[in-house]
2 protein chains.
Amino acid sequence: MLETFETVSKAVADPSRVRILKLLEGGELCVCQVTAVLDLAPATVSKHLAMLKIAGLLQQRRDGKWVYYRLAERELNPCARKFLGLIGGCLNEDPTIEEDRRMLALVNAVPVQVLCNEGRAALASNAPASKAPSCCGGPS
Amino acid sequence: MLETFETVSKAVADPSRVRILKLLEGGELCVCQVTAVLDLAPATVSKHLAMLKIAGLLQQRRDGKWVYYRLAERELNPCARKFLGLIGGCLNEDPTIEEDRRMLALVNAVPVQVLCNEGRAALASNAPASKAPSCCGGPS
DNA sequence: CCATCATTTCGTCAGTTATCGAAATGACGA
DNA sequence: TCGTCATTTCGATAACTGACGAAATGATGG
């Protein structure tokens with residue numbers, strides 16, 4: 001029991017992994033989507049996801065080339081359930097978490113295939129229109 | 001906020017520190033009492049306690065030579081409060097935690113001064129009477 | 001004042017962890 | 001069957017952490 005608690009609490013005791021958990025509160029995401037939001041190397045993100053899964057906090061689903069992760073629902077681990085509940089009630093107004101949610105909105109506006117090919121570059125065109133002076137979408 | 005969460009969750013993500021928190025659910029204890037139960041070096045215990053205090057999970061009180069720690073009550077940190085609540089509902093049947101509680105009962109049966117002088121040796125006489133064959137307290 | 005003693009801080013060591021790039025895996029489509 | 005591509009695993013590196021003994025701190029009691 002203490003060992004399980006340790007596994008889960010260590011999994012949660014890292015900002016990148018907490019950001020992932022908060023992202024997944026909005027529904028499942030594939031690895032490349034999470035990677036695009038966090039702006040980390042795919043290998044790093046994959047490892048974080050694996051750790052969260054081992055702790056019983058996440059579940060996995062494969063769909064073609066892509067692997068989707070989501071918050072564990074029927075997880076057998078009562079400790080993990082408690083931690084998920086705690087995190088659900090936390091950090092909802094944290095600047096980093098809010099920024100991640102904004103970034104996620106951009107990510108969701110792009111098909112997964114495009115995102116995987118282009119990475120964060122795929123988001124630029126849909127971004128807050130900070131540039132693009134000449135045409136398309138000006139105040140008319 | 002994320003930073004605070006990280007501090008608190010890292011503080012909780014260590015078995016020794018969780019054992020301390022569970023011990024203190026029974027009320028305040030001085031450093032040497034915690035040290036006797038955990039069977040770690042005083043410096044190590046002091047560091048753990050300091051970390052838990054910085055995270056807002058513990059409060060401190062000095063009484064003469066001794067420093068007493070207790071679970072934070074009026075702590076301003078909502079994150080710490082949530083974690084304390086979670087831990088309060090966890091691990092109550094964990095073998096290590098139960099053993100710590102048994103050891104704490106022995107520790108509480110000894111005056112603090114004696115405990116500080118003799119360390120764990122002060123507990124032997126009150127222990128499950130595994131030795132002491134000749135006199136005093138036989139079944140008679 | 002000074003010695004004592006509980007606690008804390010300092011310095012160090014071994015073990016762990018987050019991160020990355022490179023290579024391996026595994027599923028899809030030609 | 002073979003190449004492509006998302007994901008994972010491997011290997012290495014830098015930073016962090018838990019543990020300890022030794023020294024510093026700080027309050028008590030003579």
Exactly one of these conditions fails for residue B:36: (1) small (Gly, Ala, Ser); (2) within 10 Å of the chain's Cα centre (by Cα); (3) surrounded by fewer than 22 Cβ atoms within 10 Å (Cβ to Cβ). Give me its number. (3)
Taking the range A:58-95, which residues are facing chain B (nearest Cβ under 8 Å), more than 23 Å from residue B:13 (Cβ to Cβ) and part of a loop (DSSP other than H, G, I, E, B)? A:93
Applying the selection to the range B:25-53, what residues are without any contact (Cβ under 8 Å) to a residue 40 or more places away in the chain, assigned to a helix (DSSP H, G or I) and aliphatic (A, V, I, L, M)? B:31, B:34, B:43, B:45, B:49, B:50
How many residues does the range B:42-73 contain that are open to solvent by less than 50 Å² (accessible area, probe 1.4 Å), small (Gly, Ala, Ser) and on the phi < 0 side of the Ramachandran plot? 3
State which residue pairs qualify: first residue under 16 Å from residue B:3 (Cβ atoms) and facing chain B (nearest Cβ under 7 Å) and inside the range A:1-24, second residue open to solvent by 10 Å² or more (accessible area, probe 1.4 Å) and assigned to a helix (DSSP H, G or I) in any location, beta carbons under 7 Å apart, and separation of 6 or more residues or different chains. A:13/B:6; A:13/B:10; A:15/B:2; A:15/B:6; A:18/B:2
Are any residues in the range B:5-33 buried (at least 23 other Cβ atoms within 10 Å of the Cβ), of a type in the set (Val, Ile, Thr) and more than 11 Å from DNA strand D (Cβ to nearest atom), and if so, which ones? B:8
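The values are calculated or read from the model by the stated rules, or taken from the named source; none is laboratory data. Owing to the predicted nature of the structure, the values given are computational and were not obtained by experimental measurement. Cβ coordinates were reconstructed from backbone atoms using ideal geometry, including for glycine residues, and neighbour counts include every protein chain displayed. Note: areas computed on protein heavy atoms with side chains; ligands, DNA, RNA excluded. Shrake-Rupley method; radii C 1.70, N 1.55, O 1.52, S 1.80 Å.
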